[in-house]
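**Student:** Just dropping this structure here.
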Amino acid sequence: MAGMLFGNLYATQTSDWYGRKYSTFSTILVCALGSAVAAVAPNPYIYAVARFFCGAGFSGYLSISAIYTIEFMPTKWRMLCGAVGPFGEATMSLALIAYYIPTWRYLTWATMTPLLLTPLIFPFVPESPRWLLQKGKTDDLVKVLTYIAKINKCPPIELETIEKIVAKANPTRKPTDVKEPRLNFFDFAKSKNKEIRMKAICLMAIFFAFSIIYFGLSFNIKNMNGNLYWNLVFLGFVDSVGFKMAIFVMGR
């Protein structure tokens, strides 16, 4: 859990500085390396350090991927980004994999292997157009929007239109030869916008309460009565149904 706390802090910060794409894949790499070290850990101390990095990569990925996908979607469909992901289905599949691979070291290798395949899709995943817009990277923004338009078989957006959008989104942006300061969490705390700060604090409190309940149940599942594998299946099923039901309540 300490790793997850650290991952949430560093991943969201680096995604604002260096972009969503590179930060997302870096969290996957951290999680994969942590899992690999954990699988061969010779003692509990190295295993604990490895699991710290697993938690950091996992929570960092959850945080960035939510932002990353939303920034590609129009407002009307953003609720689908967090609701249709196969999180619960993956938990159910873990029960099946663990049933046939009961040795924890082999199970760790089996579950981290798909992470090693993610670099294959790296060249085909574009950077977030919203992040590029925010940073005023017009040339890269044109390439991404042209690529998206091609995938959707739509005419590309004209450069003049994109430049107007960039200028409107960044009216006070400094010239390109002037280096802008990097914002961080302390700048957020010192912000004069009390409304957005209060909303953020309320959301943090809600997610904190949610995390205590969710991870409390998840980590304690080994102590529940009944078959461990079926309990894990039921946990994943509840996740799957719960995420899908959120579609009917979000945005109302």
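The values are calculated or read from the model by the stated rules, or taken from the named source; none is laboratory data. From a predicted model like this one, the values you see are computed outputs, not experimental measurements. Note that we place each Cβ from the backbone using ideal geometry, even for glycine, and neighbour counts take in every protein chain shown. Just so you know, the surface numbers come from the protein's heavy atoms only, side chains and all, with ligands and any DNA or RNA stripped out. Shrake-Rupley method; radii C 1.70, N 1.55, O 1.52, S 1.80 Å.
**Student:** Considering only protein heavy atoms and a probe of 1.4 Å, how much of the accessible area of the chain is carbon and sulfur, as a whole percent?
**Tutor:** 71 percent
**Student:** Between Leu9 and Arg105, what is the label-point separation in nm under the 7 Å Cα-to-beta-carbon projection?
**Tutor:** Label-label distance for Arg105 and Leu9, simple model: 3.4 nm.
**Student:** What does the C-alpha gyration tensor say about the overall shape of the range 115-172? Classify as rounded when a/c is under 1.5, otherwise prolate if a/b is larger than b/c, or oblate.
**Tutor:** oblate
**Student:** Express the relative contact order of the range 1-101 as a whole percentage, based on alpha carbon pairs under 8 Å and six or more residues apart in sequence.
**Tutor:** Over the range 1-101, the number comes to 33 percent.
**Student:** Accessible area per residue, 1.4 Å probe, Å², for the chain: what's the number?
**Tutor:** 69 Å²
**Student:** Percent of Cα-Cα pairs per 10 Å bin, from 0 to the last occupied bin, for the range 205-252, please list those.
**Tutor:** Answer for the range 205-252: a P(r) of 23, 44, 27, 6 percent.
**Student:** Which entries of Lys194/Lys244; Lys150/Lys199; Lys76/Lys150; Lys192/Lys244; Lys76/Lys194; Lys76/Lys153 show an alpha-carbon separation above 31 angstrom in the structure shown?
**Tutor:** Beyond 31 Å between Cα atoms: Lys194/Lys244; Lys150/Lys199; Lys192/Lys244.
**Student:** Rounded, prolate or oblate: which fits the range 17-110 when a ≥ b ≥ c are the square roots of the eigenvalues of the alpha-carbon gyration tensor, with rounded for a/c under 1.5 and prolate only if a/b beats b/c?
**Tutor:** oblate
**Student:** Further question on the same structure: How big, on average over all directions, is the shadow cast by the Cα convex hull of the chain, in nm²?
**Tutor:** Taking the Cα atoms of the chain, their convex hull projects to 17.1 nm² on average.
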